[in-house]
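The values are calculated or read from the model by the stated rules, or taken from the named source; none is laboratory data. All figures in this text were calculated on a predicted structure; none of them were measured in a lab. Note: ideal-geometry Cβ built from the backbone for every residue, glycine included; neighbour counts use all protein chains shown.
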Amino acid sequence: MPRHKKYVQAAAEMARHSNIQFQHGCVCVHNGKIIAKGYNHHCVPVVEPINETMKRTIHAEIDTCNKVARNLLSHCSIYVVRVNSKGEIVNSQPCARCKEILTRMKVKRVYYSS
Ligand SMILES: [Zn+2]
């Protein structure tokens with residue numbers, strides 16, 4: 001699907017910025033224009049984490065949607081892409097938490113790489 005290609009490529013580019021194991025990137029599209037971008041990354045902790053598993057992460061979808069006015073999301077599509085360690089696009093799917101949040105935010109369409 002050529003019309004999706006530039007958005008998928010932009011999301012993949014964002015995913016390559018991710019510094020955590022599962023590298024996801026995301027773009028939010030409104031009227032054909034990318035209005036926000038995000039990627040998976042560690043949050044700045046309020047309290048210093050004791051170990052690696054205590055580090056909190058923000059998922060690409062949420063990082064992106066947080067940059068968009070809430071009432072605009074129902075008119076937007078988001079593209080979520082995962083890349084492997086070589087930077088190649090691989091299958092992705094929403095985690096349960098993001099799925100719930102995206103539904104609550106009323107995002108019009110959500111595409112995942114496959
Ligand atoms: Zn998620």
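Identify the single condition in (1) within 13 Å of the ligand (Cβ to nearest atom); (2) at pLDDT below 95; (3) of a type in the set (A, V, I, L, M, F, W, C) that M54 does not satisfy, given that it satisfies every other one.
With (1) within 13 Å of the ligand (Cβ to nearest atom); (2) at pLDDT below 95; (3) of a type in the set (A, V, I, L, M, F, W, C) applied to M54, the lone miss is (1).
For the stretch 71-102: of the residues being of a type in the set (S, T, Y) and modelled with pLDDT under 95, which is nearest to C26 (Cα to Cα)?
First, the residues of the stretch 71-102 that are of a type in the set (S, T, Y): 74, 77, 79, 85, 92.
Checking which are modelled with pLDDT under 95 leaves us with 85, 92.
On the way: S85: 17, S92: 11 Å.
Of everything passing the filter in the stretch 71-102, S92 is nearest to C26 (Cα to Cα).
Here are some residues: R82, R97, R70. Which one is within 13 Å of the ligand (Cβ to nearest atom) and loosely packed, with under 13 Cβ neighbours inside 10 Å? Give the steps one after another, and end with the answer.
Values: R82 fails: loosely packed, with under 13 Cβ neighbours inside 10 Å; R70 fails: within 13 Å of the ligand (Cβ to nearest atom).
Of R82, R97, R70, the one residue that is within 13 Å of the ligand (Cβ to nearest atom) and loosely packed, with under 13 Cβ neighbours inside 10 Å is R97.
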